1. Helix 141-151: angle to the longest alpha-carbon principal axis of the chain, degrees 0 to 90, nearest 10?
2. Please state, to two decimals, what the Cα-based radius of gyration of segment 145-227 comes to when divided by 2.2 N^0.38 Å (N = residues).
3. Among the aspartates and glutamates, which have Cα under 19 Å from the Cα of K176 when same-chain residues fewer than 8 positions away are ignored?
4. Using the C-alpha gyration tensor of the chain, what are the square roots of 5 times its eigenvalues, in whole angstrom, with the largest one first?
5. Ordered by residue, what ³J(HN,Hα) values in Hz, to whole numbers, does segment 78-91 give under the Karplus form 6.51 cos²θ - 1.76 cosθ + 1.60, where θ = phi - 60° and Gly and Pro are x?
6. With each run of n ≥ 4 DSSP H residues scored as -39500 (n - 2.57), what mean residue ellipticity at 222 nm is computed for the chain after dividing by its residue count and rounding to the nearest 500 deg cm²/dmol?
7. What list of ³J(HN,Hα) values in whole Hz, one per residue of segment 166-172 in order, does the Karplus curve 6.51 cos²θ - 1.76 cosθ + 1.60 (θ = phi - 60°) give from phi, with Gly and Pro shown as x?
Amino acid sequence: MFMTKLNLPAVFRTAIIITLLFLFPYVVITSQTFEEHPEFGKYFKERNIDGCFLLYDLKQNKYSGYNLKRTDSAFIPASTFKIFNSLVALETGVIKDENEIIKWDSVDRGNEQWNKDNNLRSAFKYSVVWFYQELARRIGQERMQKYIDTAGYGNQNINGGIDLFWLQGDLRITPKQQVDILVKLYNNDLPFSSRAIEIVKDIMIYEKTDDYILRAKTGWGARLTRQVGWFVGYVIKGDDVFFFANNIDIDNDEDASGRISITKDILRESEIIK
């Protein structure tokens, strides 16, 4: 009799399936919460900087931050794209690992760390632009586009030159999308091998203490008329993981320091770091 009760007519089974398909995404979306914290604004205002900050608590599935409306606006990713560029380079084999050296081309770029041979680890740490431009050229337009599309990175538009699209080309990404990509990275849910992902997670370590690990990358869109700054990453603290994206306008060189300092002020106030 139990089996008979489950033997529903096809029309009813179809109706149930359709209902669940519509209901399930609704449940997932509405389970996320967004909370504006105007008090975070003091860290921007005291530096006379315009911007926004997005914080995502993975365990609580909760977003919070300052000027949340701006977190859905798209900006050039600048050097934050080095996270993704590193993944593609490792996956395609254009660089063997984080220790393989690429020789400096002897062009003086006015930066001591850039005017030398670099490997993936040092190039990521010191944001060596020429190194990542070389990786992108080795990867090529077709393969880069494939991974951009598969991962759903930003607006997926890499027009503007294979070695310039993230610096002054057409690629754009929102602070919310930055967080989404980082969540996928943490969950090993990107179209890359576990080896590539683990290497990138390793070179991303910005700060490590007994209480937490901070992985992050800065970015500075200095080649556009409206310059923008980024600091994106995530903090692992015990069983909790917090993802963040700080996005600011840079009107002068001094504003650039606000990328990191504002982030750390907010993370301290939120009792995520010390």
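Readers should treat all values here as calculations from the given coordinates under stated rules, not as data from a laboratory. No experiment lies behind these values; they were computed from the predicted model shown.
1. The angle comes out near 40 degrees.
2. Values: Rg = 14.4 Å, N = 83, 2.2 N^0.38 = 11.8 Å.
Compactness ratio reported: 1.22.
3. E35, E36, D50, D57, D72, D149, D189, D249
4. Details: eigenvalues 256, 127, 66 Å².
Result for the chain: semi-axes of 36, 25, 18 Å.
5. Karplus-based 3J(HN,Hα) across segment 78-91 equals 6, 6, 5, 5, 4, 4, 6, 4, 4, 4, 5, 4, 5, 5 Hz.
6. Working: 10 runs with 104 residues, N = 274.
The helix-only estimate for the chain comes to -11500 deg cm²/dmol at 222 nm.
7. 8, 9, 8, x, 9, 5, 9
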